[in-house]
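Report on one structure; see the data block that follows.
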Amino acid sequence: MQIGRRVSLNAVRVFTTVARTGSLTAAGVELGVTAGAVSHQLKKLEDELGVSFFRRGNNSVSLTDAGKRFHEQVAPPIALIERSAEALYRDENEISVQASTSLAVRWLIPSLDCFRAICPEVRVRVETSSTPEGFAAMPASDVSIRYFRAGEAAEGWELLCRDLSRPVVSPRLLARDDRQRKASISQVPTLQCATNNWDWKLWCEKSGISLKDLSFSHAFDTDDAALHACVAGLGVVLAPPLLTSRETRSGALTALPGYEPVEIGTYCYLRHSESKVVRKFCRWLDAEMRSLEQALSQKS
């Protein structure tokens, strides 16, 4: 009987780490070995399989077509093995959650005290990023929370809430008589916090407003930064109640009168573990969001 070709599982793990980090040095630091040892493992794997997985540059590497195909096939099972191994070493009462910086700062972290009240023995580790590249470079988590623009596929993800965004503004930026009647959005500066203003474009399209009527004064790389600028009176921000509930309750921000919220995306979550504590955390996520939505609907 012919025995199939065997490859080193450790070498495959080294390969996926290099593919994710794009650097032999960075992969070595993560794996606790030298860059030379990483290079040796890669060469051994490439020789065994008779293919080249990487193009070498001065300080980085990039995947060849064969490398991309191999990575798509082996990365998920390697991640599953690493998560399973980590669970054996890690306290089962700890979970890791990945979320965007703005969502974590403005909703998730302030809400964790409620989770601690019902699960005081559980420790939650929150990891944040503002870009897809940042999430891709992170180690595997137990729960991921992601934002999907309207029309983007979120197959396999559970809906957390819809992004019903509307323009919000500091009351001091509005004229006194505009606070009760419709205030023209063209008369106040607008703040950018999304690449290419895709959110404002979609909102304008669904609201029957020309994007050319908006006057953009400043740009920010996160919703959180833009909302701080909004509170400071620098302009109008497009944001959902999920991110602005604290400021609207305090009166620091108010919805721009006369304009309706528009669904421009969704927040969804995905479980990467089926442990009891992860399932409990996800049930709490759903309940906390429903509670917030109910409170906001009663106020409106």
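Do we have any residue at all in the range 90-102 that's in the same structural domain as Lys276 (by TED's automatic domain parsing), in a helix (DSSP H, G or I) and either touching a Pro at 6+ places or on another chain (Cβ under 6 Å) or at pLDDT 90 or above (or both)?
Scanning the range 90-102 turns up at least one residue that is in the same structural domain as Lys276 (by TED's automatic domain parsing), in a helix (DSSP H, G or I) and either touching a Pro at 6+ places or on another chain (Cβ under 6 Å) or at pLDDT 90 or above (or both).
Residues of the range 124-147 being part of a strand (DSSP E or B) and among the hydroxyl-bearing types (Ser, Thr, Tyr), which ones?
Going through the range 124-147, the residues part of a strand (DSSP E or B) turn out to be 124-129, 143-147.
Of everything in the range 124-147, those that are part of a strand (DSSP E or B) and among the hydroxyl-bearing types (Ser, Thr, Tyr) turn out to be Thr128, Ser129, Ser144, Tyr147.
Those residues that are surrounded by fewer than 16 Cβ atoms within 10 Å (Cβ to Cβ) and aliphatic (A, V, I, L, M), I need them from the range 56-74; list them, please. Before the answer, list the steps.
As a first pass, look at the range 56-74 and keep what is surrounded by fewer than 16 Cβ atoms within 10 Å (Cβ to Cβ): 56-60, 62, 64-66, 68-69, 72-73.
Within the range 56-74, just Ala66 meets the criteria.
Against the conditions (1) free of Cβ contacts under 8 Å to residues at least 24 places away in the same chain; (2) in a strand (DSSP E or B), where does His218 fall short? Just the number, please.
Only one criterion in (1) free of Cβ contacts under 8 Å to residues at least 24 places away in the same chain; (2) in a strand (DSSP E or B) is unmet by His218, namely (1).
Give the range 219-238 a look and list any residue that's in contact with a helix residue (DSSP H, G or I) (Cβ under 6 Å, 6 or more places away or on another chain) and either within 23 Å of Ser129 (Cβ to Cβ) or of a type in the set (Ser, Thr, Tyr) (or both), or say none.
Phe220, Thr222, Asp223, Asp224, Val237, Leu238
Condition check: surrounded by 13 or more Cβ atoms within 10 Å (Cβ to Cβ), in the same structural domain as Cys268 (by TED's automatic domain parsing) and part of a strand (DSSP E or B). Does Cys230 satisfy that? So that I can check it myself, show each step before the final result.
Details: surrounded by 13 or more Cβ atoms within 10 Å (Cβ to Cβ): yes; in the same structural domain as Cys268 (by TED's automatic domain parsing): yes; part of a strand (DSSP E or B): no.
Spelling it out, it is not the case that Cys230 is surrounded by 13 or more Cβ atoms within 10 Å (Cβ to Cβ), in the same structural domain as Cys268 (by TED's automatic domain parsing) and part of a strand (DSSP E or B).
Which condition from (1) within 29 Å of Gln294 (Cα to Cα); (2) outside any strand (DSSP E or B); (3) over 20 Å from the mean Cα position of the chain (by Cα); (4) modelled with pLDDT of 90 or more is the one that Glu121 breaks?
Just one mismatch for Glu121, condition (4).
Restricting to the range 103-114, what's the tally of residues that are touching a strand residue (DSSP E or B) at 6+ places or on another chain (Cβ under 9 Å) and either of a type in the set (Asp, Glu) or not assigned by TED's automatic domain parsing to the domain that holds Pro241 (or both)?
0
When the residues of the range 272-287 are narrowed to those that are in a helix (DSSP H, G or I) and farther than 16 Å from Arg125 by Cα, which ends up modelled with the lowest pLDDT? Give the steps one after another, and end with the answer.
Step one: filter the range 272-287 for residues in a helix (DSSP H, G or I), giving 276-287.
After this cut, where a residue has to be farther than 16 Å from Arg125 by Cα as well, the list is 276, 283, 286-287.
Details: Lys276: 86, Arg283: 94, Asp286: 94, Ala287: 94.
Selected residue: Lys276.
Considering Ala136, Ala117, Ala99, which residue is aliphatic (A, V, I, L, M), surrounded by fewer than 17 Cβ atoms within 10 Å (Cβ to Cβ) and touching a residue at least 24 places away in the same chain (Cβ under 8 Å)? Break it down stepwise before answering.
Working: Ala117 fails: touching a residue at least 24 places away in the same chain (Cβ under 8 Å); Ala99 fails: surrounded by fewer than 17 Cβ atoms within 10 Å (Cβ to Cβ).
Of Ala136, Ala117, Ala99, the one residue that is aliphatic (A, V, I, L, M), surrounded by fewer than 17 Cβ atoms within 10 Å (Cβ to Cβ) and touching a residue at least 24 places away in the same chain (Cβ under 8 Å) is Ala136.
Would you point out which residue out of Gly235, Gly208, Gly258 is assigned by TED's automatic domain parsing to the domain that holds Ser130, of a type in the set (Gly, Ala, Ser) and closer than 23 Å to Leu103 by Cα?
Details: Gly208 fails: closer than 23 Å to Leu103 by Cα; Gly258 fails: closer than 23 Å to Leu103 by Cα.
Gly235 is the lone residue from the list that is assigned by TED's automatic domain parsing to the domain that holds Ser130, of a type in the set (Gly, Ala, Ser) and closer than 23 Å to Leu103 by Cα.
The values are calculated or read from the model by the stated rules, or taken from the named source; none is laboratory data. None of the values given here were measured: they were computed from a predicted structure. Positions of Cβ are backbone-derived with ideal geometry, glycine not excepted, and every protein chain shown enters the neighbour counts.
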